[in-house]
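Let me begin by presenting the structure, written as structure tokens, before commenting on it.
The values are calculated or read from the model by the stated rules, or taken from the named source; none is laboratory data. None of these values were measured; they are calculated from a predicted model. Cβ placement follows ideal geometry from the backbone for every residue including glycine, while neighbour counts extend to all protein chains displayed. Ligands, DNA and RNA are stripped out before the accessible areas are found, and what is left, the full protein with its side chains, is counted by its heavy atoms. Shrake-Rupley method; radii C 1.70, N 1.55, O 1.52, S 1.80 Å.
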Amino acid sequence: MPPVAESALGVKSDFPIFSRRFDGRELIYLDSGATSQKPEVVIEAVASHLREHNANVHRGVYALAQEADAAYDGARKQVAAFVNAGPETTIFTKNVTEAINLVAYSWGRANVGPGDAVLITQMEHHANIVPWQVLCRERGAELRYLEVDERGEISLAQLDTELARGDVCLVAVTHVSNVLGTILPVAEIVARARAAGAVTLVDGAQAVPHMAVDVEAIGADFYAWTGHKALGPTGIGVLHGRREILESMEPFLTGGDMIASVDFQSATWNELPYKFEAGTPPIAEAVGLGAAVEYLSGLGMDRVRVHERALTGYMLERLSDVPGLRVTGPPQAEARGGLVSFTIEGMHPHDIAELADRGGVCIRAGHHCAQPLMRCLGVSATARASIGVYNEPSDIDALVDALLAGREVFEL
Ligand SMILES: Cc1ncc(COP(=O)(O)O)c(C=O)c1O
């Protein structure tokens, strides 16, 4: 791993928000796991689309409407190419939560029944738990979990044991845990699940913004992610699906734009991907996400990963200077995405976040939408520092200084 300073991307000045001051202090943002900050190119892409090219899509013949069509469909091509997926099998949704619900409703309601099992892990975000709970309850199926061990990892042997039971019809796993930081061997999980006849879904919300992701190489039937964590605007998510499965599925939401024809009593469905995009889609948001992935491609996702891995290693090293601090998840940066969750003996995670804020540092505290995992960890909450392309070693130093000062406030 190169030293942290050598791998720095030096792009903070591309992000206008970092020129803000809070009580005269710089913004030190270590909450990119919740949402990323946006570079000027994304802000400008959204603004100039609204300023100069705004019209609804897929319905106008005039020149302006065709510009809007080109912008929306062009963004889809950029987004698909970014993760090596096909544009026709790349569906825009509101966020990753909606993408997973789309699969749970459209594929799940038709393919999961009594005697079937859905297999997920104990480290999933609620977005990849609750839709399966509701589906399994409704369809009389069983929801089972792969356990998380003390290193924050799952066991492929347990996966094999579960698959050997012969009833698993869907395996849905996160690519990178939003709490533990663990990078799961998703291509291997998908291959084993597929060999056992199960359909697969990967939640890439914490992966796509931080490393080169090749959807085709991973081979999952569904791969979902969310734009706002990947330097894009809120209000846009992405679902990549295997063509044969998407074609066999009924629509999720119905109405305008997703139809081929409508009669008084019935309708037929539009082709992919439009069949799954009912109503006016998030046009300016798609344009913004297109600009975001172009920006990330310009940096190079391999460089982004090298930078974030080095910074995560530095964060793990520096956090060990704080007495009483316990890190959750894999001990080495190689096995992690760009985030570290931790607790400090004698301090509640919410107090940790508040004291960090006094030092001008934004971190997150809570259950991180992963309450079942909190139970496995034996805590009600953790503090979490998560990085993005714009972070620098000095941000980590500021966090550690704030935590050390916080311990003094608590007289620890
Ligand atoms: C792993 C993971 N999955 C799903 C989500 C949900 O993302 P969204 O709220 O954009 O749907 C998040 C967001 O925190 C996440 O970290």
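Things to note:
- A straight Cα-to-Cα reach below 20 Å connects Lys275 with the lysines Lys77, Lys94, residues fewer than 8 places away in its own chain not being considered.
- Sorted peptide list for 92-101, 165-174, criterion being average Cβ within 10 angstrom, highest first: 92-101, 165-174
- Rounded accessible area per residue of the chain, 1.4 Å, Å²: 40
- Measuring nothing but how far apart in sequence close Cα pairs (under 8 Å, 6+ apart) lie, relative to its length, the chain scores a relative contact order of 23 percent.
- Calculated FRET efficiency, Ile17 to Ser380, Cβ-Cβ distance, R0 = 41 Å: about 0.85 to the nearest 0.05.
- Our helix-only sum for the chain, with -39,500 (n - 2.57) per DSSP H run of n ≥ 4 divided by its residues, gives a mean residue ellipticity at 222 nm of -10500 deg cm²/dmol.
- Distance between the stretch 8-84 and the stretch 110-187 - C-alpha centres, whole angstrom: 33
- DSSP beta bridges confined to the chain are antiparallel in about 60 percent of cases.
- Furthest towards positive pole of dipole, Ala47, Ala63, Gly33, structure part the stretch 30-74, Cβ charges: Ala63
- Over the C-alpha atoms of the stretch 33-117, the Rg to Rh ratio, Rh being the Kirkwood estimate, stands at 1.10.
- Once the convex hull of all Cα atoms in the stretch 113-183 is built, its volume per residue stands at 73 Å³.
- Here the ratio of the Cα radius of gyration of the stretch 246-375 to 2.2 N^0.38 Å is 1.64.
- For the chain, the membrane-span-like helix rule (DSSP H, alpha carbon extent of at least 15 Å along the helix axis, mean Kyte-Doolittle at least -0.5) picks out 63-82, 283-299, 301-319, 393-409; this says nothing about an actual membrane.
- Peptides 320-332, 251-263 ranked from most to least packed, by the mean per-residue count of other Cβ atoms within 10 Å: 320-332, 251-263.
- Max-minus-min Cα coordinates of the stretch 146-201 on each principal axis give 30, 19, 14 Å, with the largest extent listed first.
- For the stretch 47-168, carbon and sulfur atoms together expose 50% of the accessible surface, with a 1.4 angstrom probe and every protein chain in place.
- Paramagnetic reach from Glu67 (point 7 Å along Cα→Cβ, amide N under 11 Å) across the stretch 33-52: 48-52
- Rg/Rh, computed from the Cα trace of the stretch 157-246 with Rh as the Kirkwood radius, has the value 0.99.
- Summing Lys and Arg as +1 and Asp and Glu as -1 over all other residues whose Cβ lies under 13 Å from the Cβ of Gly337 gives a net charge of +2.
- Proximal lysines relative to Lys12, as straight alpha-carbon distance under 26 Å, when same-chain residues fewer than 8 apart are discounted: Lys38, Lys229
- Length available on full extension from Gln265 to Ala187: 0.36 nm per residue minus the Cα-Cα distance, which gives 23.7 nm.
- Placing a pseudo-label 7 Å from each Cα along the Cα-to-Cβ vector at His58 and Ser248 gives an inter-label distance of 2.4 nm.
- When each of the peptides 308-314, 293-299 is scored by how many other beta carbons lie within 10 Å of its residues on average, the order from highest to lowest is 308-314, 293-299.
- For the stretch 323-340 versus the stretch 219-253, the inter-centroid distance based on Cα atoms is 29 Å.
- Cα-Cα separations in the stretch 99-217 greater than 19 Å, expressed as whole percent: 43
- The Rg/Rh ratio for the chain, using Cα coordinates for both the radius of gyration and the Kirkwood hydrodynamic radius, is 0.99.
- Neighbour net charge for Phe15 - beta-carbon separation under 15 angstrom, K R +1, D E -1: -2
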